[in-house]
Amino acid sequence: MVSLSPNLKAKLAQPLKIGSFEVKSRVLQSPLSGVTDMVFRRLVRRYAPESMMYTEMVNATGLHYVKQLPKIMEVDPNERPISIQLFDCRPDFLAEAAVKAVAEGADTVDINMGCPVNKITKNGGGSSLLRQPEVAEAIVREVVKAVDVPVTVKTRIGWSDKEITILDFAKRMEDAGAKMITVHGRTRAQGYNGNARWEWIARVKEVLSIPIIGNGDIFSVEAAVKCLEQTNADGVMCSRGTLGYPFLVGEIDYFLKTGEILSPPTPIQRLECAREHLQALWNYKGDRGVRQARKHMTWYAKGFAGAADLRGQLSVIETVDQGLAMIDRVIEQLANGYEPELEIESGESLGTLVAT
Ligand SMILES: Cc1cc2nc3c(=O)[nH]c(=O)nc-3n(C[C@H](O)[C@H](O)[C@H](O)COP(=O)(O)O)c2cc1C
């Protein structure tokens, strides 16, 4: 039985203050490259209307050389609160990109200092900034000068076990003007392996005054509450737990606000959501959207009888109609009493299930 301590309850009653910007939810939807486009964010926001969402990370150098705004940076004027995430190692290009982000409607600008992918780190961006704290500082200073919205940072606890530098690094970011830091409790060397080490998030929280958001392994309401209690963080950010499960941020937000657990969506409701997601990706991006939808569809198709077959079929769809027909067929089977034997081990949450 999950419950909130009186201290945590009191904190949750206050808005999250990111500099001058206030957010009425303590649960955030993380930036996820290839996932958190406008279509996905709209689904998450339906269940978590007050939560902060992030675009996929945008390359500031790329932006400098193109005239047209990339689709991943598009923001719906009605979607608030929203942060646009940028990555790069050049302070001047990042400052220029931040101005464009604000023009597009960003409430905050987030700088990615945690991405572990080689393609990004070898060019000096993402988590490689953990090893160049002076450059990271210069970036934050330049971007803060360029825009009048709060500038935030998302990073990891260090490069490797031998270089856990987050305490010094986070302090430097705060001193340079960052208004919030999200800490993913893994090193760059860990990638996405092993557990997130929330104890480091707690230690960062002890030494900084700006809000700290805990990230890593938030797959359920229970995990969110545990992370908030153990770290004293000002909020939590959900990531892989939302893949094929855009309900998670809303479920956690609802619990933090009411102390009540929402009943999870049924397999049919999840498939209806998958259907809507596929259709919307097609409407927004055409054939490219259908290709992108394949991975999303396989993430949705988990945890009910016939899921494995459906997953295989959806992973190779060529057209939107083909995908919709496959989903409809399974929805009909389930509606006609096809026993939905959940493939879930007891105690495992749907959030964990879709993320694996
Ligand atoms: C598919 C995928 C894409 C990601 N893209 C981004 C990104 O664009 N920007 C970012 O800061 N982090 C990105 N991340 C990292 C997540 O935001 C998050 O920090 C990480 O997954 C840890 O949280 P989790 O253990 O709950 O998944 C990505 C992670 C995944 C799995």
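In the stretch 57-83, how many are farther than 13 Å from GLU104 by Cα and surrounded by fewer than 19 Cβ atoms within 10 Å (Cβ to Cβ)? Final tally of qualifying residues: 6.
Yes or no, residue by residue, for (1) in contact with a strand residue (DSSP E or B) (Cβ under 9 Å, 6 or more places away or on another chain); (2) at pLDDT 95 or above; (3) surrounded by fewer than 21 Cβ atoms within 10 Å (Cβ to Cβ):
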| residue | (1), (2), (3) |
| --- | --- |
| THR121 | no, yes, yes |
| SER127 | yes, yes, no |
| ILE139 | yes, yes, no |
| PRO150 | yes, yes, no |
| TRP159 | yes, yes, yes |
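In summary, THR319 fulfils each of the numbered conditions (1) closer than 16 Å to TYR245 by Cα; (2) among the polar types (S, T, N, Q); (3) modelled with pLDDT of 95 or more with the single exception of condition (1). It is to be established whether one or more residues within the stretch 84-95 are surrounded by fewer than 18 Cβ atoms within 10 Å (Cβ to Cβ) and in contact with a Gly (Cβ under 8 Å, 6 or more places away or on another chain). No.
Looking only at the stretch 102-140, residues that are among the small types (Gly, Ala, Ser), under 17 Å from ILE181 (Cα atoms) and assigned to a helix (DSSP H, G or I) come to 5 in all.
Conditions tested, residue by residue: (1) surrounded by fewer than 19 Cβ atoms within 10 Å (Cβ to Cβ); (2) among the polar types (S, T, N, Q); (3) modelled with pLDDT under 95.
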| site | (1), (2), (3) |
| --- | --- |
| PRO246 | no, no, no |
| LYS257 | yes, no, no |
| LEU262 | yes, no, no |
| PRO265 | yes, no, no |
| TYR284 | yes, no, no |
| ARG288 | yes, no, no |
| ARG291 | yes, no, no |
| TRP299 | no, no, no |
| ALA305 | yes, no, yes |
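Taken together, the residues in the stretch 24-44 that are free of Cβ contacts under 8 Å to residues at least 60 places away in the same chain and away from the ligand (no atom under 11 Å from the Cβ) amount to 2. The one condition from (1) away from the ligand (no atom under 16 Å from the Cβ); (2) under 10 Å from the mean Cα position of the chain (by Cα) that MET53 does not meet is (1). For the stretch 56-72, a residue qualifies if it is hydrophobic (A, V, I, L, M, F, W, C) and away from the ligand (no atom under 12 Å from the Cβ), and the qualifying residues are ALA60, LEU63, VAL66, LEU69. Considering the stretch 172-219, the residues that are over 27 Å from LYS119 (Cα atoms) and surrounded by fewer than 16 Cβ atoms within 10 Å (Cβ to Cβ) include one that is nearest to the chain's Cα centre (by Cα), namely GLU199. Quick check on the stretch 143-158. Is at least one of its residues over 28 Å from TYR284 (Cβ atoms), assigned by TED's automatic domain parsing to the domain that holds MET53 and without any contact (Cβ under 8 Å) to a residue 40 or more places away in the chain? Yes, the stretch 143-158 has at least one match.
The criterion of at least 3 residues that are touching a Ser or Thr at 6+ places or on another chain (Cβ under 6 Å) is met by the following strands (runs of 3 or more DSSP E) wholly inside the stretch 159-273: 212-215. Of the residues screened, ALA223 is one that is within 11 Å of the ligand (Cβ to nearest atom) and within 22 Å of TYR300 (Cβ to Cβ).
The values are calculated or read from the model by the stated rules, or taken from the named source; none is laboratory data. Keep in mind that what you see is a predicted model, and the values were worked out from it rather than measured. Cβ atoms come from the backbone with ideal geometry, glycine included; neighbour counts cover every protein chain shown.
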